[in-house]
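Have a look at the structure below before the remarks.
The values are calculated or read from the model by the stated rules, or taken from the named source; none is laboratory data. Remember, predicted model here, so these are calculated numbers, not experimental data. So basically every Cβ, Gly included, is an ideal-geometry build from the backbone, and we count neighbours across all protein chains shown.
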Amino acid sequence: MKFEPIDTRRAINGVEIVVTEWGGDGDTIFFGHPTGFFGKIWKPVIDRLRIGGFEGRIITFDQRGQGMSSKHDNDYSWDEMGNDTAELVDELDLRDAVGVGHSAGATFVALAAARRPGRFRRLVLIDPILLGSMSVSSRRSGGNSSMAKRTRTRRLVYDTRRQMFDAYRNRGPYATWTDEALNVYVDLGTFERPDGTVELLCPGRIEAQLYEGANGVDPVAEFDRLDIPVLLAIPDGTDVFRAALRKKTLDALPNGRFLEFANATHFVPMEQPDVVAGVLLAECKA
């Protein structure tokens, strides 16, 4: 069976969202991507799912302000991003899907599942960002404001994609990625300008607003509505889930459990696509 990605634009919650259908039929996997990225960043993992024999339906999407979705300058609160995802799964009429998310994308998939019972049958949340469940002082001393500041001044334009690849190759956090994953980011996460240079699809000003909008919702407060199995897949090289937050999260999830990726950072899907795909294949069969 041949699987070819097809893009469509959907009017969701007042914005245009680009959805990519990767073919397949039957069991569905729905992916959410990290802040500043785009749906097709999952391609290395998706390719390995197909190699592993998964022939079901696969869907990715570009969150508002990112990828090829519409870019505006008004509402990037994470509560609204969760609503986008919830309305999108309604629009796609998902039933009993496996929801997969990474970083903020995991947060939005979890919020959608909590707000739309029956749309998902199980979730895999890879290092989800649960800032709303942290104390106010912790949030203020955390990385949100500094991340936003750095993002506003990041370089967006490069002479060529090759120049961009070389610039990122040994720069953290990209230094640990596979060449395949970095090529996907460079090739599919940029567009060519009229002068022949290339520019990142996610403007720095919007990525900064996404970081700044993170504290407007407490996902853990909604987790008691998730009575489906939830796998929290956490890299061993991250400090997102400290012991207290692990306990609070598991206490809030009626059917939750933790899995730890070895020798990995927050960007484990870009570092270990084979391992991540293996976890997803197992979850789909469960």
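So the check is Cβ under 6 Å with 6+ separation or different chains; which pairs have a first residue in the range 1-21 that's closer than 18 Å to D84 by Cα and a second one that's surrounded by fewer than 14 Cβ atoms within 10 Å (Cβ to Cβ) and among the hydrophobic types (A, V, I, L, M, F, W, C)?
Here the result reads E21/I6, each pair linking the range 1-21 to a residue that is surrounded by fewer than 14 Cβ atoms within 10 Å (Cβ to Cβ) and among the hydrophobic types (A, V, I, L, M, F, W, C).
Restricting to the range 17-33, name every residue that is surrounded by 15 or more Cβ atoms within 10 Å (Cβ to Cβ) and not aromatic (F, W, Y). So that I can check it myself, show each step before the final result.
We begin by selecting, within the range 17-33, every residue surrounded by 15 or more Cβ atoms within 10 Å (Cβ to Cβ); these are 17-24, 27-33.
Across the range 17-33, the qualifying residues are I17, V18, V19, T20, E21, G23, G24, D27, T28, I29, G32, H33.
Being part of a strand (DSSP E or B) and either closer than 22 Å to A181 by Cα or at pLDDT below 95 (or both) is the filter; apply it to the range 16-56 and report the residue that is farthest from the chain's Cα centre (by Cα). Before you say what the answer is, go through the steps one by one.
Going through the range 16-56, the residues part of a strand (DSSP E or B) turn out to be 16-21, 28-32.
Retained after the next criterion (residues that are either closer than 22 Å to A181 by Cα or at pLDDT below 95 (or both)): 18-21, 29-32.
Numbers: V18: 14, V19: 14, T20: 14, E21: 16, I29: 13, F30: 10, F31: 7, G32: 4 Å.
Going through the qualifying residues, I end up with E21.
Hey, among D62, D79, D96, D90, which residue is touching a strand residue (DSSP E or B) at 6+ places or on another chain (Cβ under 8 Å), closer than 25 Å to L253 by Cα and of a type outside the set (A, V, I, L, M)?
Details: D62 fails: closer than 25 Å to L253 by Cα; D79 fails: touching a strand residue (DSSP E or B) at 6+ places or on another chain (Cβ under 8 Å); D90 fails: touching a strand residue (DSSP E or B) at 6+ places or on another chain (Cβ under 8 Å).
Criteria check complete, one pass: D96.
Does the range 156-179 hold any residues that are part of a helix (DSSP H, G or I), over 14 Å from R193 (Cβ atoms) and not basic (K, R), and which are they?
From the range 156-179, those part of a helix (DSSP H, G or I) are 161-169, 174-176, 179; that's our starting set.
Those still in the list that are over 14 Å from R193 (Cβ atoms) too: 162, 165-169, 174-176, 179.
Passing the criteria: F165, D166, A167, Y168, Y174, A175, T176, D179.
How do the pairs read when you match residues in the range 230-259 that are on the phi < 0 side of the Ramachandran plot with residues anywhere that are at pLDDT below 80, using Cβ under 7 Å and keeping only pairs 6 or more apart or on different chains?
Final answer for the pair search is I234/F241; L245/S133; K248/S133; F258/R246.
May I ask you to verify whether V124 is in a strand (DSSP E or B) and in contact with an Asp or Glu (Cβ under 8 Å, 6 or more places away or on another chain)? Full working, then the answer.
Values: in a strand (DSSP E or B): yes; in contact with an Asp or Glu (Cβ under 8 Å, 6 or more places away or on another chain): yes.
Criteria met by V124.
If we keep just the residues of the range 57-74 that are outside any loop (DSSP other than H, G, I, E, B) and of a type in the set (D, E, K, R), which is nearest to D84 (Cα to Cα)?
Within the range 57-74, the first condition is being outside any loop (DSSP other than H, G, I, E, B), and the residues that meet it are 57-62.
Subset that is of a type in the set (D, E, K, R): 57, 62.
On the way: R57: 21, D62: 11 Å.
That would be D62.
Taking the condition of being closer than 27 Å to L130 by Cβ and either at pLDDT 95 or above or hydrophobic (A, V, I, L, M, F, W, C) (or both), how many residues in the range 145-173 meet it?
Number satisfying all stated conditions: 2.
Restricting attention to the range 136-144, does a residue exist that is more than 17 Å from A252 (Cα to Cα) and either at pLDDT 95 or above or under 19 Å from the mean Cα position of the chain (by Cα) (or both)?
Taking the range 136-144 and keeping what is more than 17 Å from A252 (Cα to Cα), we get 136-144.
Adding the requirement that they be either at pLDDT 95 or above or under 19 Å from the mean Cα position of the chain (by Cα) (or both) leaves 143-144.
Taking every residue of the range 136-144 in turn, at least one turns out to be more than 17 Å from A252 (Cα to Cα) and either at pLDDT 95 or above or under 19 Å from the mean Cα position of the chain (by Cα) (or both).
Looking at the range 204-215, can you tell me whether even one residue there is closer than 19 Å to D75 by Cβ and more than 18 Å from the chain's Cα centre (by Cα)?
Looking through the range 204-215, at least one residue is closer than 19 Å to D75 by Cβ and more than 18 Å from the chain's Cα centre (by Cα).
If the requirement is being buried (at least 20 other Cβ atoms within 10 Å of the Cβ), touching a helix residue (DSSP H, G or I) at 6+ places or on another chain (Cβ under 9 Å), under 17 Å from S103 (Cα atoms) and of a type outside the set (A, V, I, L, M), which of these qualifies: F223, F258? Let's see the steps before the verdict.
Working: F258 fails: buried (at least 20 other Cβ atoms within 10 Å of the Cβ).
The match here is F223.
Go through the range 66-80 and give me each residue that's crowded, with 21+ Cβ neighbours inside 10 Å and modelled with pLDDT of 95 or more.
Going through the range 66-80, the residues crowded, with 21+ Cβ neighbours inside 10 Å turn out to be 66-67, 69, 76, 78.
Result: Q66, G67, S69.
Out of all the residues in the range 45-63, which are under 16 Å from V276 (Cβ atoms) and in contact with a Ser or Thr (Cβ under 7 Å, 6 or more places away or on another chain)?
The one that is under 16 Å from V276 (Cβ atoms) and in contact with a Ser or Thr (Cβ under 7 Å, 6 or more places away or on another chain): T60.
Looking at this structure, is R10 surrounded by fewer than 23 Cβ atoms within 10 Å (Cβ to Cβ), in contact with an Asp or Glu (Cβ under 6 Å, 6 or more places away or on another chain) and not acidic (D, E)? Give the steps one after another, and end with the answer.
Working: surrounded by fewer than 23 Cβ atoms within 10 Å (Cβ to Cβ): yes; in contact with an Asp or Glu (Cβ under 6 Å, 6 or more places away or on another chain): yes; not acidic (D, E): yes.
In short, yes.
Test each condition in (1) in contact (Cβ under 8 Å) with a residue 60 or more places away in the chain; (2) buried (at least 18 other Cβ atoms within 10 Å of the Cβ); (3) within 17 Å of the chain's Cα centre (by Cα) for L92 and report the one that comes out false.
Condition not satisfied by L92: (3).
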